[in-house]
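What follows is a short report on a single structure.
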Amino acid sequence: MIELKGIVKRHGAVTALHGINLEIRAGEFFALLGPSGSGKTTTLRILAGLEAADEGRVLLDGRDVSEADPGERNVAMVFQSYALYPHMSVYDNIAFPLRMVGAPDIDKSVKEAAERVHIGHLLERKPGQLSGGQQQRCALARAIVRQPRLFLLDEPLSNLDAKLRMETRVELRKLHRALGVTTVYVTHDQEEAMTIADRMAVFMDGRIEQVGTPVELFARPKSLEVAAFLGSPPMNFFPAQLHGRSASIAGHSIPLQTDYGQRDAVLGVRPGAIRIAESGITARVELVEQLGESAIVDLQAGATAVRARIDSRVRLREGDAVHLAFDGEDVHLFDAQSHQRL
Ligand code: ADP
Ligand code: MG
């Protein structure tokens, strides 16, 4: 459906994209995830035709649209800022793209789009008389009213409070299911991407590090950087020496499932995979954060800071000396130099 081939984009001395290759399938809900400044918005704007790439091609349904105007691409974009026309009513905002192209049955289309996002009762208001969540719905209605073949969203939930963000996330997912429109969704929030996307691409410094389903990326991050970016609290990392089927970290030996030979590595283990045990890595409890069912515990194991998610019934106090253990199957290993997964 969408193909980006070797996309390079420069802004003066800054190279925003270093040769992006990406395929997005028809009907997918696809997230572009990455830290601020990693090139997500630039990629979206190039897809929309709002910016031209310096190198590379954009294909939509097999057709090269690299030189095509936004209007010719039949894509709709929703921005973080919503970009509503303040002097127009909600009705006129939603009707605007239809009037621009002289579409038939405008009244019916506007009312249908408004109903879909539950703002049918607000059509007479101006954007200034709406809450943040309602403005966001108005922007969504304006985007879906034209029945675009591609729906582009740039951090659409970032101006909403936490509760509304979660609710709207679920609604966006339902809207996608109902309309079936291919959707590309930009976010820096890994939890948002993990919960909403069919597949996602992780951006770092203008490059795509990895593409896959949320479950694939979480289970097998290709690099230490991707591993560190996905999951909350983030993965813990220990310097490790590998000797065949065992890893030695902080003076402790962990059996491994594969023979990795002799090498220096970085061993990663997620907070939820760490247990408080009778023996293992010695650590000191620094802080306990109760979350209800579980607790997040900050520990210091020698020079390494560690975070563990444990059952909140395990009583720990700041200053306690404990032992940490985890299973070889829960371990992620990365090359000490290249940071690539072993
Ligand atoms: P993201 O959306 O992932 O936060 P962007 O795509 O907006 O990142 O930006 C990628 C890089 O390109 C950043 O380093 C940013 O500062 C730079 N950049 C983006 N737009 C411009 C511009 N118009 N002029 C100069 N640099 C820009
Ligand atoms: Mg951005």
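The values are calculated or read from the model by the stated rules, or taken from the named source; none is laboratory data. Being a predicted model, the structure only gives us computed values, none of them experimental. With ideal geometry, Cβ positions are generated from the backbone for all residues, glycine too; neighbour counts draw on all protein chains shown.
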Subject >> Within the stretch 1-78, strands (runs of 3 or more DSSP E) holding 2 or more residues that are out of contact with any Leu (no Cβ under 9 Å at 6 or more places or on another chain) >> reply: 2-11, 14-24
Original post:
Quick check, is residue 240 more than 16 Å from ligand 2 (Cβ to nearest atom), among the hydrophobic types (A, V, I, L, M, F, W, C), farther than 22 Å from residue 3 by Cβ and crowded, with 22+ Cβ neighbours inside 10 Å?
Top reply: yes
Original post:
Inside the stretch 142-167, can you point out the residues that are surrounded by 21 or more Cβ atoms within 10 Å (Cβ to Cβ), within 24 Å of residue 92 (Cβ to Cβ) and more than 16 Å from ligand 1 (Cβ to nearest atom)?
Top reply: 142, 143, 144, 145, 151
Original post:
Which pairs have Cβ atoms under 6 Å, sit 6 or more apart or on different chains, and link a residue in the stretch 314-326 that is in contact (Cβ under 8 Å) with a residue 12 or more places away in the chain to one that is surrounded by fewer than 10 Cβ atoms within 10 Å (Cβ to Cβ)?
Top reply: 323/279
Subject >> Top-ranked residue of the stretch 252-290 - restricted to ones that are without any contact (Cβ under 8 Å) to a residue 24 or more places away in the chain and more than 22 Å from residue 220 (Cβ to Cβ), ranked as surrounded by the fewest Cβ atoms within 10 Å (Cβ to Cβ) >> reply: 262
Original post:
What pairs come up if the first residue lies in the stretch 187-211 and is free of Cβ contacts under 8 Å to residues at least 24 places away in the same chain and polar (S, T, N, Q), the second is assigned to a strand (DSSP E or B) and within 14 Å of ligand 1 (Cβ to nearest atom), and their beta carbons are under 6 Å apart, counting only those six or more places apart or on different chains?
Top reply: 210/202
Original post:
How about the stretch 75-95: which of its residues are at pLDDT 95 or above and either within 17 Å of residue 43 (Cβ to Cβ) or polar (S, T, N, Q) (or both)?
Top reply: 89, 93
Original post:
Which of the residues spanning the stretch 168-226 are of a type in the set (S, T, N, Q), within 16 Å of ligand 1 (Cβ to nearest atom) and outside any strand (DSSP E or B)?
Top reply: 190
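Residue-by-condition table, conditions (1) of a type in the set (Val, Ile, Thr); (2) within 16 Å of ligand 1 (Cβ to nearest atom):
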position: 35; (1), (2): no, yes
position: 42; (1), (2): yes, yes
position: 50; (1), (2): no, yes
position: 58; (1), (2): yes, yes
position: 66; (1), (2): no, no
position: 73; (1), (2): no, no
position: 77; (1), (2): no, yes
Subject >> Tally of residues being surrounded by 15 or more Cβ atoms within 10 Å (Cβ to Cβ), more than 9 Å from ligand 1 (Cβ to nearest atom) and of a type outside the set (A, V, I, L, M, F, W, C) across the stretch 11-22 >> reply: 2
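Please go through the stretch 79-105 and pick out each residue that is hydrophobic (A, V, I, L, M, F, W, C), in a helix (DSSP H, G or I) and surrounded by fewer than 18 Cβ atoms within 10 Å (Cβ to Cβ). Before the answer, list the steps.
Just the residues of the stretch 79-105 that are hydrophobic (A, V, I, L, M, F, W, C), to begin with: 79, 83-84, 88, 90, 94-96, 98, 100-101, 103.
Those left that are additionally in a helix (DSSP H, G or I): 90, 94-96, 98, 100.
Once the filter is applied, which keeps residues that are hydrophobic (A, V, I, L, M, F, W, C), in a helix (DSSP H, G or I) and surrounded by fewer than 18 Cβ atoms within 10 Å (Cβ to Cβ), the stretch 79-105 yields 96, 100.
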Original post:
Looking at the stretch 115-139, which of its residues are in contact with a Cys (Cβ under 9 Å, 6 or more places away or on another chain) and part of a helix (DSSP H, G or I)?
Top reply: 122, 127
**OP:** Restrict the check to the stretch 260-275 and report whether at least one residue is touching an Asp or Glu at 6+ places or on another chain (Cβ under 7 Å), over 16 Å from residue 235 (Cα atoms) and not small (Gly, Ala, Ser).
**Re:** no
**OP:** Could you tell me which residue of the stretch 23-58 is nearest to ligand 2 (Cβ to nearest atom), considering only residues that are free of Cβ contacts under 8 Å to residues at least 24 places away in the same chain and either surrounded by 22 or more Cβ atoms within 10 Å (Cβ to Cβ) or farther than 18 Å from residue 193 by Cα (or both)?
**Re:** 45
**OP:** Answer yes or no as to whether residue 127 is farther than 22 Å from residue 186 by Cβ, of a type outside the set (Asp, Glu) and touching a residue at least 24 places away in the same chain (Cβ under 8 Å).
**Re:** yes
Original post:
From the set of residues in the stretch 202-219 that are in contact with a strand residue (DSSP E or B) (Cβ under 7 Å, 6 or more places away or on another chain) and more than 16 Å from ligand 2 (Cβ to nearest atom), which is farthest from residue 28 (Cα to Cα)?
Top reply: 209
Original post:
So which residues in the stretch 139-196 are more than 22 Å from residue 127 (Cα to Cα), of a type in the set (A, V, I, L, M, F, W, C) and touching a helix residue (DSSP H, G or I) at 6+ places or on another chain (Cβ under 6 Å), if there are any at all?
Top reply: 186, 194, 196
